[in-house]
Amino acid sequence: MHFTSSGEPTRADSAPAESADAGGDAEQSEGLRERKKRERGQALRQATLDLALENGYTNVTVEDICERCGVSRRTFFNYFSSKEEALLGRADTVFDEEDQPDIAAFEAGGPNGRLLADLQHLLASVIRTRLGKRDEMHQYHQLMKQDPSLMQAQMSRMGNNERLFREMIQRRLDGGALNTGTRAVDEKPTDEEGVPVSTRAEALAALAMMSIKATFIRLRKVEGDPAPIIDELFGELRNIFEEESA
């Protein structure tokens, strides 16, 4: 490092530090923008739910939601395509924004690099997200009783669960095949959306759905962390297959 006569670092020496600081500020700013975006989307969704409980879903308008949140119609439609989507979520996914980092990590081959262990980690994360919204879930149950027509729309979205898990797992398998130079599956059948999905992805998606259902049933009786329950379920399946193959 070079110094001036006053003992200060030269401009050439201090430039990298300034650049690093600028990069850190940019990352922090991006993180803040994403957090504000997520919070506004959550506020719009909560306002839609509150208004539907107060006035009945059919009586709620986009204008009502915007007024409650103090935003414009344009802002609303930057987040949701309709009041139904604001209430029930996007039709093409059943996962929350909070789930996205863990989903991305899983599809990329993480966090541990072992398929079953990583699937367990993802399932525990998804369930924790739901458990963190018990009050919201209770409100939704109240609303479904008030307006049974919403139940059909919700069930249609829930039907996407297994398909989304199949496609997510297949992307993980395909990524692993590319990294190792092998082929995940030669002739993959397609799902109802025409997306190629292997038998392995189908089996693991079915396992995921079973694990989620069994974990929620257990947690209705005793509150706790979902990870040990999922670990026990996967362990029991391993034991069954080992006994059958012995």
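Descriptive notes on the structure:
- Alpha carbon centroid spacing (whole Å) that separates segment 129-157 from segment 62-120: 16
- Protection-proxy order for peptides 220-232, 50-62, each taking the mean of Cβ atoms within 10 Å per residue, highest first: 50-62, 220-232
- Using θ = phi - 60° in the Karplus curve 6.51 cos²θ - 1.76 cosθ + 1.60, the 3J(HN,Hα) couplings for segment 126-133 round to 4, 5, 4, 4, 5, 5, x, 10 Hz; x is entered for Gly and Pro.
- Residue by residue, segment 223-236 carries 3J(HN,Hα) couplings of 6, x, 8, x, 4, x, 5, 5, 4, 5, 4, 5, x, 5 Hz when phi is fed to the Karplus relation 6.51 cos²θ - 1.76 cosθ + 1.60 (θ = phi - 60°); x denotes Gly or Pro.
- Using C-alpha pairs under 8 Å with a sequence gap of at least 6, the mean separation divided by the residue count of segment 44-178 gives a relative contact order of 29 percent.
- Normalised by the number of residues in segment 67-134, the average gap of Cα pairs under 8 Å and 6 or more apart makes the relative contact order 25 percent.
FYI, it's all coordinate maths here, none of it is from the lab. Here the structure is a predicted model, which means the values were calculated and not measured. Using ideal geometry, Cβ is built from the backbone for each residue, glycine included, and neighbour counts are taken over all protein chains shown.
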